[in-house]
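The numbers here are math on the coordinates, done by the rules we state, and not lab data. Quick caveat, the model's predicted, so the values are computed rather than measured. Here the Cβ is made from the backbone with ideal geometry for all residues, glycine too, and neighbour counts use every protein chain on show.
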Amino acid sequence: MEDYLVKALCYEGSIRAYAVCATNTISEAQKRHDTWSSSTAALGRTMVGALLLGATLKGEDKLTVKVQGNGPAGGIVVDSDGSGNTKGYIKNPHVSLTLNESGKIDVRGAVGTEGIFTVIKDLGLKETFSGQTPIVSGEIGEDFTYFMAVSEQIPSAIGLSVLVDTDESVKAAGGFMIQVMPGADEKTIDFIEQRLQEVPMISRLIDEGESPEGILERLLGKDEIEILEKMPVQFKCNCSKEKFGTAIIAVGLDEINAMIEEDHGAEAVCQFCGNKYQYSEDDLIELRDEAIKNTREN
Ligand SMILES: [Zn+2]
């Protein structure tokens, strides 16, 4: 199944709902970072959450989600935008804990139960907007929900789910976000809460072939959903040799000289996607000329 996200309005606009299938996206992240089960689920859930949150933005606008917990996985950083693109990394990709008492991947144990959850929004304005809440669970889904309630003041139900196979590959990944708008009917909220209790794990549903539309129907009732938009989602990094070149110029002349004279070259590795860029001595000499030009101009 292709990866895509749907946006819907339900119950006469009193409920906003989003659902996403992101199996290929999370699989790409797993392969690029060679993550093990607990790290895969922690990074994958954060990416699915960032895609859902990103879907509330306009196309060009971006956000960054940072989960800085005290567990062995270390920090997680994920970027997402209003067009369904996401990329991310986890400090320690090789965390694989034994299953928790519910027989699920131990994400809390990897992320930790104390720390900070941050969302930074770049809406193309002069300043970025950022909100921060403490990590309340470490399971990621609850942390997104808490952030939405406290920082954004939108009561939401968020489910994020990644199914990892025995060979570490990603079998299925996806999630949903249901937002309650002011004026929503109590009966509607009770009904949805009931449905939330009964719905199976989202990644299992996706693994069985359920679509994002089908997930929303299960959660909200078949006749109440008006699909507004269907948007493809994907792992996408915008790094390039040129961009890292600009970063090399910024480190300064002494450093560039050292790269030329001592190392006879340089390699840059993108944290987000793992792509590697090689700079020959000639490349570095060009960058040095550029740096000298910049110094003169300043
Ligand atoms: Zn990259």
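Kirkwood radius and radius of gyration were both taken over the C-alpha atoms of segment 241-297, and their ratio Rg/Rh is 0.97. For residue 163, the residues 5 or more places off, or on other chains, whose built amide H falls under 5 Å of its own are 171, 172, 173. Potential lengthening of the chain between residue 243 and residue 285 amounts to 13.5 nm, from the contour at 0.36 nm per residue minus the alpha-carbon distance. Cysteine residues of the chain whose Cβ has no partner cysteine Cβ closer than 4.7 Å: 10, 21. Helix content alone sets the calculated 222 nm mean residue ellipticity of the chain: runs of n ≥ 4 DSSP H residues at -39500 (n - 2.57) each, divided across all residues, give -10500 deg cm²/dmol. With the convex hull of the Cα atoms taken as the outline of the chain, the averaged projected area works out to 17.7 nm². The phi-based Karplus calculation (6.51 cos²θ - 1.76 cosθ + 1.60; θ = phi - 60°) puts the 3J(HN,Hα) values of segment 141-149 at x, 5, 6, 5, 4, 5, 4, 4, 5 Hz, whole numbers, x for Gly and Pro. Within segment 1-81, the GluC sites (Glu not before Pro) that combine a DSSP coil assignment with at most 13 other C-beta atoms in a 10 angstrom radius are 2, 12, 60. The label-point distance for residue 114 and residue 181, in a model that sets each label 7 Å from Cα toward Cβ, rounds to 4.2 nm.
Taking GluC sites (Glu not before Pro) across segment 120-172, the ones in a DSSP loop with at most 12 further Cβ atoms lying within 10 angstrom of their Cβ are 127. Applying 1/(1 + (r/R0)^6) with r as the Cβ-Cβ distance of residue 223 and residue 70 and R0 = 45 angstrom yields a FRET efficiency of 0.50. Straightening the chain between residue 132 and residue 150 buys 5.6 nm, computed as 0.36 nm per residue apart minus the Cα-Cα spacing.
Applied to segment 25-39, the Karplus parametrisation 6.51 cos²θ - 1.76 cosθ + 1.60 on θ = phi - 60° returns per-residue 3J(HN,Hα) values of 4, 6, 4, 4, 5, 4, 5, 5, 9, 6, 7, 9, 2, 5, 5 Hz, with x for Gly and Pro.
Loop-located trypsin sites (Lys or Arg not before Pro) in segment 100-148 (DSSP state not H, G, I, E or B) with no more than 16 neighbouring Cβ atoms inside 10 Å: 104, 126. Bridge orientation summary for the chain: considering DSSP beta bridges with both residues in this region, about 95 percent are antiparallel. Among 82, 221, 103, the largest mean-square fluctuation in a Gaussian network model of the chain (Cα springs under 10 Å) belongs to 103.
Rounded to the nearest 20, the size of the Cβ-charge dipole of segment 235-298 about its Cα centre is 480 debye, with Lys and Arg at +1 and Asp and Glu at -1.
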